[in-house]
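Participant: One structure coming up, written as structure tokens, with questions to follow.
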Amino acid sequence: MKMFQRVLAATLVCAGMAVPSFSAAAQPSVVDLAGAWSVRQADGDKAAVAMQVPGDVHSALLAAGLIPDPYFGRNEMEVQWVGKKDWVVERTFDVPDSLLSKRSVCLRLEHVDTFCEISINGKKVGETGNRFRRYDFEVKPFLKQGENTITALFRSAELISEARAAEIPYPIPMVDNGLVKHINLIRKPACHGGWDWGIALMMTGFAGKTQLIGTDLARIDYVYCDQKHAAGRCDVTVTADVTSPEGGESVLSVTLGEAKASVPVKLAAGSNRISAKVVVEQPRLWWPNGAGKQELYDLAVSVGEDTLTRRLGLRTVEVVNKPDAGDTSSRPGMSMTFRVNGVDIYCKGANWIPCDAMTLRQTPERYRDLLGSAQAANMNMVRLWGGGQFEDDVFYNTCDELGLLVWHDFMFSCALYPSDKAFVGEVKAELAHQLRRLRDHACIAVWVGDNECIGALTWFEPSRKNRDLYLVSYDRLNRALTETVETYDP
């Protein structure tokens with residue numbers, strides 16, 4: 001099941017599909033905009049072609065016969081023009097009265113790739129600029145009863161990266177692995193520009209959820225838990241980050257397995273953080289593959305009209321560092337042992353990169369096949385590589401179910417990076433989202449700052465000649481990473 005599943009009456013309104021009727025007792029609070037959209041080149045004269053959302057422009061063009069299969073022969077080079085163009089992606093959708101009657105209607109976008117200006121009925125509602133963030137835009141003033149049009153103008157991420165490089169007074173180099181040499185200056189999967197293991201395809205499109213969420217009293221944005229284990233019990237503090245359009249009184253209700261708790265809450269207009277504690281007696285613990293069962297408890301959290309459900313594994317994970325026995329040197333070797341539920345685990349695993357260069361081909365079936373193969377090979381850990389992406393929910397849910405610990409890089413790899421206020425602000429915003437989104441997965445074992453970036457300080461002539469400039473920049477960015485982890489997943 002999805003780690004986060006919004007338990008609200010919902011309707012899928014795709015192009016060409018009839019709109020279902022709703023009774024007064026079952027009015028929709030969510031309109032899912034996934035499904036059939038269209039795409040056309042912003043500066044071209046060719047007709048639009050069909051595009052699936054979640055999905056990508058390359059897949060749409062391939063399905064329409066407008067580009068060759070980039071995986072065949074040298075076709076990769078024949079499709080590089082796609083990433084240098086701007087694209088218009090749009091669709092119509094119906095809005096029922098029951099959604100318009102809500103005090104707030106939020107357009108929620110996850111994994112937008114990458115620079116996108118969103119309009120509804122010809123009026124701009126917001127823009128995006130970070131593949132790893134979630135964006136919420138208040139759109140009720142832009143909606144009307146019946147048919148509406150949403151238009152997304154995707155700007156070329158490659159050209160934007162080049163423009164940013166021209167604005168910076170000194171070079172910020174990255175490894176020469178691909179065809180987009182300044183992709184380190186934007187928040188997008190680095191491997192989209194090509195890597196030593198894969199082709200260069202600058203993905204464009206909605207890679208994640210596109211939803212309209214209607215709210216009267218409370219919208220639950222995040223749920224996360226703190227576990228305190230003791231003999232024969234586990235105290236779980238459940239925290240919900242809630243948005244309320246106008247504020248009001250409600251009840252926070254939590255069910256974790258057989259344990260229940262309810263507390264009255266007074267919501268202020270805007271953002272709220274509320275908590276309740278439940279106690280699980282004689283908890284059934286979650287274990288890595290080969291060490292025990294992967295016990296997962298059903299968790300439901302409700303506030304006002306909104307409920308989120310997920311599955312929670314109860315466990316402790318420690319990284320144990322201690323000097324090697326008998327090593328009396330000035331810099332002794334150090335252990336790095338993962339200790340789960342008090343038991344040292346010998347970790348066996350592999351490196352995880354995005355399972356396909358094209359977003360549309362990153363299907364649940366692909367994830368489950370690959371991760372199931374890892375489990376069948378007796379692996380108990382996968383390392384999620386920092387040149388890729390924060391993955392879809394199905395990746396983490398499957399790792400939870402299969403007992404695969406995740407060594408999770410943040411999205412930095414084989415490069416130097418900016419550390420100016422705007423760039424650091426984007427990084428903090430993406431981690432504030434991703435840490436709250438992912439931190440409760442039983443599989444998550446450790447957050448790691450980057451892949452090989454400290455080594456990269458010595459790879460490039462500019463950083464070798466001006467060590468302090470680049471070292472200070474590296475330190476400034478990593479301090480921001482540390483502070484954000486301490487805030488959202490201490």
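The values are calculated or read from the model by the stated rules, or taken from the named source; none is laboratory data. Predicted, not measured: the structure shown is a model, and the values here were computed from it. Virtual Cβ from ideal backbone geometry, glycine too; neighbours counted across all protein chains shown. Heads up: the accessible areas ignore ligands, DNA and RNA and are worked out on the full protein's heavy atoms, side chains in. Shrake-Rupley method; radii C 1.70, N 1.55, O 1.52, S 1.80 Å.
Participant: Does the range 263-282 contain at least one residue that is charged (D, E, K, R), surrounded by fewer than 21 Cβ atoms within 10 Å (Cβ to Cβ), on the phi < 0 side of the Ramachandran plot and assigned to a loop (DSSP other than H, G, I, E, B)?
Facilitator: Within the range 263-282, not a single residue is charged (D, E, K, R), surrounded by fewer than 21 Cβ atoms within 10 Å (Cβ to Cβ), on the phi < 0 side of the Ramachandran plot and assigned to a loop (DSSP other than H, G, I, E, B).
Participant: State whether one or more residues within the range 393-405 are touching a strand residue (DSSP E or B) at 6+ places or on another chain (Cβ under 7 Å), open to solvent by 60 Å² or more (accessible area, probe 1.4 Å) and either hydrophobic (A, V, I, L, M, F, W, C) or in contact (Cβ under 8 Å) with a residue 60 or more places away in the chain (or both).
Facilitator: Yes: the range 393-405 contains one or more residues that are touching a strand residue (DSSP E or B) at 6+ places or on another chain (Cβ under 7 Å), open to solvent by 60 Å² or more (accessible area, probe 1.4 Å) and either hydrophobic (A, V, I, L, M, F, W, C) or in contact (Cβ under 8 Å) with a residue 60 or more places away in the chain (or both).
Participant: I've got another one for you. Check LEU212, LEU217, LEU201 and return the single one that is within 23 Å of VAL89 (Cα to Cα) and in a loop (DSSP other than H, G, I, E, B).
Facilitator: Being within 23 Å of VAL89 (Cα to Cα) and in a loop (DSSP other than H, G, I, E, B) holds for just one of LEU212, LEU217, LEU201, which is LEU201.
Participant: I'd like the full set of residues that are farther than 17 Å from ALA456 by Cβ and open to solvent by 80 Å² or more (accessible area, probe 1.4 Å), limited to the range 160-187.
Facilitator: GLU162, ARG164, ALA166, GLU167, PRO169, LEU179
Participant: Continuing with the same structure: For residues that are crowded, with 16+ Cβ neighbours inside 10 Å and of a type in the set (A, V, I, L, M, F, W, C), tally how many sit in the range 315-346.
Facilitator: The qualifying residues number 4.
Participant: Condition test on GLY178, is it under 24 Å from the mean Cα position of the chain (by Cα) and at positive phi?
Facilitator: Judged against the criteria, GLY178 is not a match.
Participant: Let me ask you something else. Name the residues in the range 50-69 that are under 22 Å from the mean Cα position of the chain (by Cα), of a type in the set (A, V, I, L, M, F, W, C) and assigned to a helix (DSSP H, G or I), would you?
Facilitator: VAL57
Participant: Sticking with this structure for a sec: Name the residue that is surrounded by the fewest Cβ atoms within 10 Å (Cβ to Cβ), counting only residues in the range 283-314 that are of a type in the set (A, V, I, L, M) and part of a loop (DSSP other than H, G, I, E, B).
Facilitator: Step by step, filter the range 283-314, then rank; the result is ALA291.
Every residue, every condition in (1) farther than 30 Å from ALA34 by Cα; (2) small (Gly, Ala, Ser), yes or no:
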| residue | (1), (2) |
| --- | --- |
| TYR297 | no, no |
| LEU308 | no, no |
| CYS347 | yes, no |
| CYS355 | no, no |
| TYR367 | no, no |
| SER373 | no, yes |
| LEU384 | no, no |
| ASN397 | no, no |
| GLY403 | yes, yes |
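Participant: Let me ask something else. When you go through VAL105, VAL82 one by one, which is the residue that is in a strand (DSSP E or B) and at pLDDT 95 or above?
Facilitator: VAL105
Participant: Next up: Scan the range 406-436 for residues that are charged (D, E, K, R), closer than 30 Å to ILE345 by Cβ and open to solvent by 10 Å² or more (accessible area, probe 1.4 Å) and jot them down.
Facilitator: ARG436
Participant: Return yes or no: is ARG103 open to solvent by 60 Å² or more (accessible area, probe 1.4 Å) and more than 30 Å from VAL180 (Cβ to Cβ)?
Facilitator: In short, yes.
Participant: Then there is this: Could you please tell me which pairs satisfy a Cβ distance under 8 Å, a separation of 6+ or placement on different chains, a first residue in the range 457-476 that is touching a residue at least 24 places away in the same chain (Cβ under 8 Å) and open to solvent by 80 Å² or more (accessible area, probe 1.4 Å), and a second residue that is of a type in the set (S, T, N, Q) and outside any helix (DSSP H, G or I)?
Facilitator: ARG476/SER419
Participant: Related question: Among the numbered criteria (1) under 24 Å from TYR297 (Cα atoms); (2) more than 16 Å from the chain's Cα centre (by Cα), which one does ASP393 miss?
Facilitator: (2)
Participant: What are the residues in the range 115-130 that are open to solvent by less than 10 Å² (accessible area, probe 1.4 Å) and touching a residue at least 40 places away in the same chain (Cβ under 8 Å), if any?
Facilitator: Once the filter is applied, which keeps residues that are open to solvent by less than 10 Å² (accessible area, probe 1.4 Å) and touching a residue at least 40 places away in the same chain (Cβ under 8 Å), the range 115-130 yields only ASN130.
Participant: When residues of the range 228-262 are filtered for being under 19 Å from LEU296 (Cβ atoms) and either open to solvent by less than 20 Å² (accessible area, probe 1.4 Å) or of a type in the set (Asp, Glu) (or both), how many remain?
Facilitator: 8
Participant: Return the only residue of TYR367, TYR297 being of a type in the set (Ser, Thr, Tyr) and under 29 Å from VAL53 (Cα atoms).
Facilitator: TYR367
Participant: For the range 424-447, which residues satisfy the criterion of being over 12 Å from the mean Cα position of the chain (by Cα) and more than 20 Å from ARG476 (Cα to Cα)?
Facilitator: ASP440, HIS441, ALA442, CYS443, ILE444, ALA445, VAL446
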